[in-house]
1. Could you go through the range 39-50 in sequence order and give the Karplus-derived ³J(HN,Hα) for each residue, using 6.51 cos²θ - 1.76 cosθ + 1.60 with θ = phi - 60°, rounded to whole Hz, and x for Gly and Pro?
2. Under the rule of at least 5 residues apart or a separate chain, name every residue whose amide H is placed under 5 Å from the amide H of residue 208.
3. Which of the trypsin sites (Lys or Arg not before Pro) found in the range 104-143 are in a DSSP loop and have at most 11 neighbouring Cβ atoms, other than their own, within 10 Å?
4. If you filter the range 251-336 for GluC sites (Glu not before Pro), then keep DSSP loop positions with at most 10 other Cβ within 10 Å, what is left?
5. Looking at the calculated P(r) for the range 3-304, what percent of the C-alpha pair distances fall above 27 Å?
6. Enter the mean projected area of the convex hull around the alpha-carbon atoms of the chain, in nm², rounded to one decimal.
7. Dimensions of the range 419-546 along principal axes (Cα, Å, largest first)?
8. Taking only C-alpha pairs under 8 Å that are 6+ residues apart, what is the relative contact order of the chain in percent?
Amino acid sequence: MITQQHQTEKPRPAFHQGELEAQRLAKVSDVASLADAFIRDHMPEQHRDFFASLPFLVVTGGDAEGHPWVSLFEGPAGFAVSPDTRRLSIASQLHHDDPIANAFARGSKIGILGIELATRRRNRLNGKAFPSERGLVVEVEQCFGNCPQYIRQRAWEHVGRRDTKTALKSDRLDLDQQARVKNSDTFFVGSGRRAGGSLHTDGYDASHRGGAKGFVSVTDNGTQLHFPDYAGNNYFNTIGNLLDDPRIGLLFVDFATGNLLHIAGTARVEWQPEHSPDPDALRMIHVAIEKVIDRPGASALRWSEPAAAKIALKVIDKVKESDLVTSFHLAPHDGVSLPPFKPGQYLPIELDVPGHAGCVTRTYSLSGPATRQIYRISVKREKRGLASTFLHKQIRVGDTMVAYPPAGEFILPDGDRPVVLASVGVGITPMIPMLHAAIKASPSRRIYFAHGARDGLNHSFGFEVDEMVAQNTSVRRKIFYSHPRDSDVEGRDFDVRGRIDAHSLLNFGGGADADYILCGPAGFIAVIRNDLEACGVPSTQIHYETFGPSS
């Protein structure tokens, strides 16, 4: 999921030809037309604050031959700061044995990933690097958020200075290195494109890959590794780069020891895997290993999984909300209070799916009122959804599941300004707790609830919303059906035949002074956001979260 607020200035075309070709091969070519809503040529305020809060940054650059490598910049709190929306200043130096220690001459391209493992947030930034007395200043060319789905939660701590052991170099992975790779659930990828050199779409990308332990495999002789490519934001930055330049860099971090294992090689994308080890894998990436640099204790950071933070939950009810959406009511297994959550946040859960190696991790918006006695998640059954199919077909009342504390930045803004909650499809799930909370916090606050569904069979939470509207004169609702059935009654089941658009929201009653909270597919968000701004709604009053294949 991407959660962002916008400025009105639109970035330049977001994708190069390799990325566009990858999107075509994956049959998601419409993504390019939506990118202006999500990819910017500057950092919004929340991204600036996010980068400044991190203890490390994942960075990709090129060696003397332009081959991408991945490494870490790290430092004390505030070592990375943003003096303005187009610059990120990094007060950190790479050690001389780092493969990209000398990569960043004046104007060199750089790819940066900011990732917070404890909260599973991540943002990406691409730009040009300029050496400074304390490290680097990066001029931003592209900045955007990423989905948290495959990020494993970990807490970090500083342990002091890095180890000074000699780096080990080879052309293949030895048995110990193979074991570390096979046992990993997280690694980082570097790729690049240098077709024109000066274009804003040229340069390097730093990306994250995660999965169940064992999702990366290695050949017995240590010369090749393979990893799946799962559903993501459909931008195909990494794969698009690889179509233009198959050179790839990988970084495996030993979170317990601080060892950094850098790998450089050549990648091949298998678009239709014949023998995929993972049913969730849409593609496989095969890497022929060429260089290995193993740096013991190279990081002064250590990470640990917050085992104590895991929550054992018992399913106390299972409710069918619509034709495809089912809610699961979850109570603490030990009877104690649940960690609190803010309306709009999501719940990370782990599922033990039979026949699937390792735990399957997913995040679902919390869809019930913000209490400490019961969580409610509402899950849409997807045709190829491993987790959603398991939940719908296998999970029963009385079963247990494991979750992590709620997280997420998509929350109801404070204040008494009128608020418009607008969603389509399963995007209604975070809106329900927001509606509950807004009514409770300020009964006189004007609230406009708009939701779009295909028809009555696909309309979730209709009765719950109607009850809240009936009990509160400050709340108005408007329901849109794009393809109502003959049995759907206009004026009772729905209000408008058609789809939600910006003008219908503005005329609903909120006007340009309201906060607009949007949740739905990327196409819905992109059109509504652009049209609201064109009609005079300030970007700071537009908040959104996307879901689905383009999130």
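1. After applying 6.51 cos²θ - 1.76 cosθ + 1.60, I find 9, 10, 9, 7, 9, x, 4, 5, 5, 4, 5, 5 Hz.
2. HN-HN under 5 Å from residue 208: 189.
3. 106
4. On the way: sites: 270, 274, 290, 321; in loops: 274, 321.
Sites meeting the loop and neighbour criteria: 274.
5. Working: 16455 of 45451 pairs.
Looking at the range 3-304, the distances longer than 27 Å represent 36 percent of pairs.
6. Numbers: hull surface 99.6 nm².
Hull-based average projected area comes out at 24.9 nm².
7. Largest to smallest, the principal-axis extents are 40, 32, 23 Å.
8. Numbers: 1347 pairs, mean separation 71.6, N = 551.
Relative contact order comes out at 13 percent.
FYI, it's all coordinate maths here, none of it is from the lab. All figures in this text were calculated on a predicted structure; none of them were measured in a lab. Glycine also receives a Cβ, built like all others from the backbone with ideal geometry; neighbour counts cover every protein chain displayed.
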